[in-house]
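The structure appears below as structure tokens.
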Amino acid sequence: MTFPLQHPAEVRSARLTAKGYRMHRLQVLGLLALVIGVAPTSQVLAHAPIIACFDNGDGTVTCEAGYSDGASSKGQTARVLLNDQRLVEEGKFDEDGTFTFAKPKEGFYVEFEGDPSHLATFYGEDLS
């Protein structure tokens with residue numbers, strides 16, 4: 001099988017395209033190396049609050065809280081509020097990172113506040 005001869009302008013254009021591709025590929029590889037180098041650092045810095053609650057079936061609810069990096073919520077604030085924002089109860093998470101309270105008859109939510117920049121909320125309607 002033979003290929004038709006290319007016009008010199010087409011050959012030059014093909015070379016420029018190939019060179020442009022190599023430069024682009026090197027840029028992509030450089031960006032990928034940067035992302036790989038930064039990714040472990042961003043995971044170490046991740047410190048998001050997490051809260052989950054469950055119905056104990058005896059008129060109480062237990063919430064467990066902590067941080068995405070494994071840090072404890074021990075001694076940090078837990079608040080139970082009605083959906084109209086009235087405070088029902090406030091306490092602290094225990095050594096195991098749990099907080100148990102009487103289940104309100106009305107709609108409610110629970111806030112886990114590590115500090116003003118670390119707040120997580122669990123809504124009573126999500127109880128299983």
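Please state which one of L87, L119 is farther than 12 Å from A65 by Cβ and of a type in the set (A, V, I, L, M). Write out each step before concluding.
Values: L119 fails: farther than 12 Å from A65 by Cβ.
Of L87, L119, the one residue that is farther than 12 Å from A65 by Cβ and of a type in the set (A, V, I, L, M) is L87.
Out of everything in the range 85-128 that is in contact with an Asp or Glu (Cβ under 6 Å, 6 or more places away or on another chain) and not hydrophobic (A, V, I, L, M, F, W, C), what residue ends up being surrounded by the most Cβ atoms within 10 Å (Cβ to Cβ)?
Only one residue fits best here, namely G97.
Inspect all residues belonging to the range 83-95 and state whether any of them is within 15 Å of C53 (Cα to Cα), part of a strand (DSSP E or B) and touching a residue at least 24 places away in the same chain (Cβ under 8 Å).
Among the residues of the range 83-95, not one is within 15 Å of C53 (Cα to Cα), part of a strand (DSSP E or B) and touching a residue at least 24 places away in the same chain (Cβ under 8 Å), which makes the answer no.
Hey, among the residues in the range 44-68 that are in contact with a Ser or Thr (Cβ under 9 Å, 6 or more places away or on another chain) and at pLDDT below 90, which one's farthest from H118 (Cα to Cα)? Before the answer, list the steps.
Initial filter on the range 44-68 (in contact with a Ser or Thr (Cβ under 9 Å, 6 or more places away or on another chain)): 46-51, 53-56, 60-67.
In the following step, the residues that additionally are at pLDDT below 90 were identified as 46-47.
Details: A46: 12, H47: 9 Å.
Among residues in the range 44-68 that are in contact with a Ser or Thr (Cβ under 9 Å, 6 or more places away or on another chain) and at pLDDT below 90, the one farthest from H118 (Cα to Cα) is A46.
The values are calculated or read from the model by the stated rules, or taken from the named source; none is laboratory data. Treat the numbers as computed from the prediction; the structure is a model and nothing was measured. Glycine gets a Cβ as well: all are built from the backbone with ideal geometry, and neighbour counts include every protein chain shown.
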